[in-house]
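These notes are about the structure you will find just below.
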Amino acid sequence: MSSKVERVTGGYTGKGKFPASSSGKVEGKVSFSILVVDDEAGIRDFLQRALAKTYSLVEVASSAEEASELRSRIHFDLMIVDICLPGSSGVDWLKSIVEPGWTSDVVFMTAFADVDKAIDALRIGASDFILKPFRLEQMISTVRRCQEKRRLLRENFVLHRRIDNFYPKEGMIGRSAPFQQLCQMISRVAPSPSMVLIEGETGTGKELVASAVHKESGRTGPFVPVNCGAISSELIESELFGHLKGAFTGAQQAREGLFSYADGGTLFLDEISEMPLPLQAKLLRVLEEKTIRPVGGEREIAVDVRIVAATNRDLTKEKDEGRFRADLFYRLNVVTLLIPPLRERREDIVPLVEYFTQVLAGQLGLQDVPFDLSDFRELEAYSWPGNVRELKNMVERCLLLGRFPSELLKPGKSDNSSVAGYPVSWTLEEAEKDHIRKVLARSGENKTQAARILGVSRKTLTRKLHAWQQGRESKDQ
């Protein structure tokens, strides 16, 4: 049984009058798309003019059919829909368009409070229910709640992706000339919208540089990192662009991709050279058109994302040998930041050791280990094939052992000198196996860390180990 109660609150009266000011006005415009569906021209005009002061895209429609046509071309974060539409109620229209992959918020408007309709609307996913006539402040508040909810959902998703690898964020530490030149380049290119390609050996801190570019860019959206080499080729498209429910085996519910979560911010594509060639073509289209299409979807979704890519390989060589698309290479290679290896900026070793000691001692609850002048000389004489990551691991080992492990830095003990002991009679495959086993042992059998030191993806390392294991089993049979 329905209960209808008329409510008068002031604000918009249905006679085309506008308030003198809008409390929703802010500096700039928020990246948020809204569709207003109402058969009254006065309300459509009123809301479009008021909301367009704050939000980047506000479209209007006078009927369900017109709204459906707009939705076929544009993704809307929020739809504000009148219950009474010509030919069909707003609730019935919403029921007809709800589909796997639905991500939009919906706010209904009505001239009377109908409890049954309100319950029905909430059951199919409506976010709120506003009575006419309404005050602009009331509508602005509702829109802000929807926008904030979407922002929090995206931030929560990003935090969950990073929580397993959480670690106190290292600062940009260094005083050498090459490091200072790098910092100057970051400050110069960060404010521009241009794409940035970061090159450097494994362990030099490419994600840290990408994060610095984002922080100095002034972009208000989040910094979202993704390791292209750590995601299988079957899933990386879904990770980047999202997918609809049932788009592939295991897709039990719809999910937005990392491009959507990075909207208004920066997407960091680490190990871009590991991206499969078919996906490289799709990424190129996204960079050119600034729209994405979720896996299993038919509609394009506009995104405002700055791309920062990184690689520890020679991308020019990868391009020339056909492993990386030339058109994507030229699209990404607008500005290149080259991170010098630690052996070329030895002046930074001492301040990095001091920084890591302070951070790690606090995290591990251990006392500092004092370093004397001879210790620092040994550190500066070492070649650091694992770069800053290896130095950080060494400091952690010092804290755990309670002493400086100088024996690990002696000739013949370092990561890059182990090949000196290979017999001349060994084949290349035997030398490769032995080297990989030593790096795995040094990494505590951590395949991800070993792959980074070796300069390959974890998938490549796992494939080699599996092939060797199968070969050993076939010989035993």
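Just so you know, all these numbers are worked out from the coordinates, no wet-lab data involved. Worth saying up front: this structure is predicted, and the values here are computed from it rather than measured. A quick note on method: Cβ atoms are made from the backbone with ideal geometry, for glycine too, and the neighbour counts reach across all protein chains shown.
At an R0 of 45 angstrom, the distance between the Cβ atoms of GLN48 and LYS438 translates into a FRET efficiency of 0.10. Between ALA381 and VAL98, the modelled labels are 7.2 nm apart [label points 7 Å from Cα along Cα→Cβ]. Taking the Cα centre of the range 30-151 as reference, the dipole from Cβ charges on Lys and Arg (+1) and Asp and Glu (-1) amounts to some 560 debye. Listing MET394, MET139 from fewest to most neighbouring C-beta atoms within 10 Å gives MET394, MET139.
Compared with the direct C-alpha span, the chain from GLN252 to ALA302 gains 15.5 nm at full extension, assuming 0.36 nm per residue.
For the range 313-367 versus the range 191-257, the inter-centroid distance based on Cα atoms is 17 Å.
Here the label points at LYS447 and GLU289, each 7 Å from Cα along the C-beta direction, are separated by 3.6 nm in the simple model. Semi-axis lengths, largest first, of the ellipsoid equivalent to the range 266-418 are 42, 19, 13 Å, with √(5λ) applied to each eigenvalue of the Cα gyration tensor. What is the distance in Å between the Cα centres of the range 425-470 and the range 28-88? If you average the Cα positions of each part, the centres end up 56 Å apart.
Placing unit charges on the Cβ atoms of the charged side chains and taking the dipole of the range 30-151 about its Cα centre, the candidate lying farthest along the positive direction among SER96, ILE140, VAL58 is ILE140. Charge dipole (Cα centre; +1 on Lys/Arg Cβ, -1 on Asp/Glu Cβ; no other charges) of the range 343-416 amounts to roughly 200 debye.
Close lysine pairs were tallied over the range 237-392: pairs 8 or more places apart or on different chains with Cα atoms under 28 Å apart number 7. The loop-placed GluC sites (Glu not before Pro) in the range 284-319, going by DSSP, that have at most 10 neighbouring Cβ atoms within 10 Å of their Cβ come out as GLU298. Listed by Cβ neighbour count within 10 Å, with the fewest neighbours leading, SER176, SER217 appear as SER176, SER217. Stretching the chain fully between GLU234 and ALA111 yields a gain of 39.3 nm (0.36 nm per residue, less the alpha carbon separation). Among TRP384, TRP468, the order by Cβ neighbours within 10 angstrom, fewest to most, reads TRP468, TRP384.
Rounded, prolate or oblate: which fits the range 343-416, taking a ≥ b ≥ c as square roots of the Cα gyration tensor eigenvalues, rounded meaning a/c under 1.5, else prolate when a/b beats b/c? Prolate is the answer for the range 343-416, as a/c is 1.5 or above and a/b outweighs b/c.
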